Amino acid sequence: MNPIWRRTRLKRPIPDSAHAELEDFQRLMTTAISPFAPEYFPTLPPLDGFTMATAEAGVKYRGRTDLWVLRCDPGTSVAGVFTQNRCPGAPVDWSRKALSARPDGPRLVVVNSGTANVFSGQAGRDAVKLTAQGAVEVFGGHADAVQIASTGVIGVALDASKVVAQFPDMASRMRSDGWDAAARAIMTTDTYPKGASATAMIHGTRVTINGIAKGSGMIAPDMATMLAYIATDARLDQASLQALLTDLTGPTFNSITVDSDTSTSDTLLLLASGAADHPEVTGSDDPALADFRQALRRVMFDLSQQIVRDGEGISKLIEVVVTGAVSNASADAVARSIANSPLVKTAVAGEDANWGRIIMAVGKAGEPAERDRLSIHIGPHCLATNGQPDPNYREAMGAAYMKQSEIRIGVDLALGEGAATVYGCDLTHAYIDINADYRS
C-alpha cells in the first residue's frame, strides 16, 4: 500500500477535546466512525488572502454547522473541475460559469450541506442566484463570480433564505484559521472531517497549501458526493492553476471509488491568493513549480485517500493495481471494473480470496485481455496464471492474507506497458443500512 495511507493512522494519544468532538459527530451522523479515520484533524495554518466562517443554517441538520463561506482577497486565481454526470445540480451549472469571471473585487465560495439542490427545477436555480446575490451584498464582490456548492439529498430545492440570513453574522466572525470548522460544516454521511496541508518552495519563497474535502458515498469521481477545496498563498495565473489541477486530478481524486456512482455535485476548486512574496508564475511547466507540483499532488492524494477511507460502511481498504495492459486507459478501465464489482467487494468483506470474481471483473471490463496470459495476485500470493490456478498456491495463504484491513489486488495482463492503480473499499451491510435510511 502507498505509505501515505499508513501515515494517517496516528499513534499519539487523543486529547479529551478531540474525543468529545468525535463522539458528538458520531451521535449526529448516527454512523460509527470509520476504522480508518485519522485520530484527529491535522493542523491547517492560516493562509494570507483567505478568511472564512461557518454557521448553523438549519438546511436539514439540527445542532451542527451546515454552511461555510470562504472570502478570497481581490486578485485570487481560481481553477476548478466539476462532475461529468449529465444531470448536474444548479450549483455546478452556476459555478462552471463563475470560473471564467474576472472580478476586480473579492472571490467568494459558499457551500451548504443538507441538500444537493439537484433536480429541483427553477426553484433550485433561483436559490443559487439568491445565494450569490445575498453573499456579495454582505461580503463584497460580484454575484457572477461566486462559487456555490451544495451537497446532500437530491430532489430538494435549497431554501436560500436560511442561508442568506446567516451572512451578516458570519461576516462579523470571519477569520483565517477556520479550516477545521469548514471541513465539518460540509460533511453529510462522512464520519470524520478531512484535511491536509503541505509547504513548497517557489523562487526561494515558502508557500503553503491547505485542503479540505468531504465524501463518503456516491463516490466515483469523473472530472462522489465529493467536494474538495484547496487554497494556497502562491502567485499563479489562472491558466497555470487550471493546468495543474486538471493534470493532478487523474491520479488522485479520479483514482478512487466507493460505489461506482458519480455524483451530480462533484466540485474540486484550487484557489491561489497570490499573497506570497515571489514573482508570479505564468506557466504550469515552469521549473520553478516543480516543488509546488509535488506538494499539491501530496495534498490532493491525501484528501482522496481520506475519502475512500471513509467509504460508507467500510471495513477494509482495497488497492487494485493493473499492469501489462495495452494502454494506461485500458488498465484504468480494468482496475475500475475490479474495484467496483459488488462480488469482488463482498468477497473482500467476507475475507474470501475468491479470485474467480476478479477474473470475471477483468473480462467484463470490455478491454483487451487474454485468459491464458494474465495472472492474478492477492497481496504477495499468485493465485492464478496462464489460464489456470497457480500450482504453488494454497487456500490457506489467501485466507490468512484476507484477514488484513488493507487488501492489495494485482492483475498483470501481459499485453503491453499500460498500468493503473485504483483505490476502493469493501461492501458491507452497513453500506445498505446507511443508504436505506438516508432520507429518513
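Starting from the eigenvalues of the Cα gyration tensor, five times each then square-rooted, give me the equivalent ellipsoid semi-axes of the chain, largest first, whole Å.
Values: eigenvalues 287, 119, 83 Å².
The answer is 38, 24, 20 Å, longest axis first.
Please list, in chain and number order, the residues 5+ apart from Leu158 or on another chain whose amide H is under 5 Å from its amide H, with Hs placed from the backbone.
Excluding prolines and chain starts, which carry no amide H, the hits are Asn117.
To the nearest 20 Debye, how big is the dipole of the range 285-351 about its Cα centre, given +1 on the beta carbon of each Lys and Arg and -1 on that of each Asp and Glu? Mind showing how you got there, number by number?
Working: 7 positive and 9 negative charges, 36 e Å.
Value, rounded to 20: 180 debye.
Rounded to whole Å, give me the distance from the Cα center of the range 337-416 to that of the range 142-178.
46
If you put +1 on each Lys and Arg Cβ and -1 on each Asp and Glu Cβ, how big is the dipole of the range 144-256 around its Cα centre, in Debye rounded to 20?
On the way: 8 positive and 10 negative charges, 55 e Å.
For the range 144-256, the charge dipole is close to 260 debye.
Taking a cut-off of 23 Å between Cα atoms, list the lysines near Lys194, but don't count ones fewer than 8 places away on the same chain.
Lys11, Lys60, Lys214, Lys316
Please list the non-local residues whose amide H lies under 5 Å from the amide H of Ser34, H modeled 1.01 Å from N, same-chain partners needing a gap of 5 or more.
Amide H neighbours of Ser34: Thr191.
Applying the Karplus parametrisation 6.51 cos²θ - 1.76 cosθ + 1.60 with θ = phi - 60° to the phi angles of the range 422-427, what ³J(HN,Hα) value in whole Hz is obtained for each residue in order, glycine and proline being reported as x?
Rounded to whole hertz, the list is 10, 10, x, 8, 7, 10.
Taking the mean number of other Cβ atoms within 10 Å as a proxy for protection, how do you rank 392-405, 308-321, 161-174 from highest to lowest? Provide the component values of the computation, followed by the final result.
Numbers: 392-405: 13.3, 308-321: 24.1, 161-174: 16.6.
Final packing ranking: 308-321, 161-174, 392-405.
Work out from phi, with θ = phi - 60° and the Karplus expression 6.51 cos²θ - 1.76 cosθ + 1.60, the ³J(HN,Hα) of each residue of the range 265-276, listed in order in whole Hz, and give x for Gly and Pro.
Here the 3J(HN,Hα) series is 10, 3, 9, 10, 10, 10, 10, 10, 6, x, 6, 5 Hz.
Per the Cauchy relation, a quarter of the hull surface: what is the mean projected area of the convex hull of the alpha carbons in the range 349-393, in nm²?
Working: hull surface 13.9 nm².
Taking a quarter of the hull surface, the average projection is 3.5 nm².
Could you do me a favour and compute the accessible area per residue for the range 54-207, 1.4 Å probe, result in Å²? Walk me through the numbers on the way to the answer.
Details: 5790 Å² over 154 residues.
Per residue, the range 54-207 has an accessible area of 38 Å².
Of the heavy-atom accessible surface of the range 108-213 (probe 1.4 angstrom), what whole percent is carbon and sulfur?
On the way: 1790 of 3530 Å².
Accessible surface attributable to carbon and sulfur in the range 108-213 totals 51 percent.
Can you show me the helix-derived [θ] at 222 nm for the chain, built from DSSP H runs with n ≥ 4 at -39,500 (n - 2.57) apiece and divided by the number of residues, rounded to the nearest 500. Don't jump to the answer; show the numbers that get you there.
Numbers: 14 runs with 142 residues, N = 440.
My calculation for the chain gives -9500 deg cm²/dmol from helical runs alone.
Below 23 Å, Cα to Cα, which lysines can Lys364 reach? Residues fewer than 8 away in the same chain don't count.
Straight-line reach from Lys364, under 23 Å: Lys345.
Can you work out the Karplus-derived ³J(HN,Hα) for every residue in the range 118-129? Use 6.51 cos²θ - 1.76 cosθ + 1.60 with θ = phi - 60°, whole Hz, and x for glycine or proline.
Per residue, the Karplus-derived 3J(HN,Hα) values read 10, 6, 10, x, 5, 4, x, 5, 5, 5, 5, 4 Hz.
Please get the size of the charge dipole for the chain, origin at its Cα centre, with Cβ charges of +1 on Lys and Arg and -1 on Asp and Glu, quoted in debye to the nearest 20.
Details: 40 positive and 49 negative charges, 74 e Å.
Dipole magnitude for the chain comes out near 360 debye.
When every alpha-carbon pair in the range 70-136 is counted, what percent end up more than 15 Å apart? Display every interim value, and only then the final one.
Numbers: 1238 of 2211 pairs.
That tail contains 56 percent of the Cα-Cα pairs.
Could you please put Asp237, Asp266, Asp144 in sequence from largest to smallest accessible area, using a 1.4 Å probe? Don't jump to the answer; show the numbers that get you there.
Values: Asp237 35, Asp266 0, Asp144 100 Å².
From most accessible down to least: Asp144, Asp237, Asp266.
Roughly to the nearest percent, how much of the accessible area of the range 237-368 is carbon and sulfur, given a 1.4 Å probe?
Details: 2080 of 4120 Å².
Of the solvent-accessible surface of the range 237-368, carbon and sulfur hold 50 percent.
The values are calculated or read from the model by the stated rules, or taken from the named source; none is laboratory data. Just so we're clear, the structure is a prediction, and the values are computed from it rather than from any experiment. Here Cβ is always computed from backbone atoms with ideal geometry, including for glycine, and neighbour counts include all displayed protein chains. Ligands, DNA and RNA are excluded from the accessible area calculation, which covers all protein heavy atoms including side chains. Shrake-Rupley method; radii C 1.70, N 1.55, O 1.52, S 1.80 Å.
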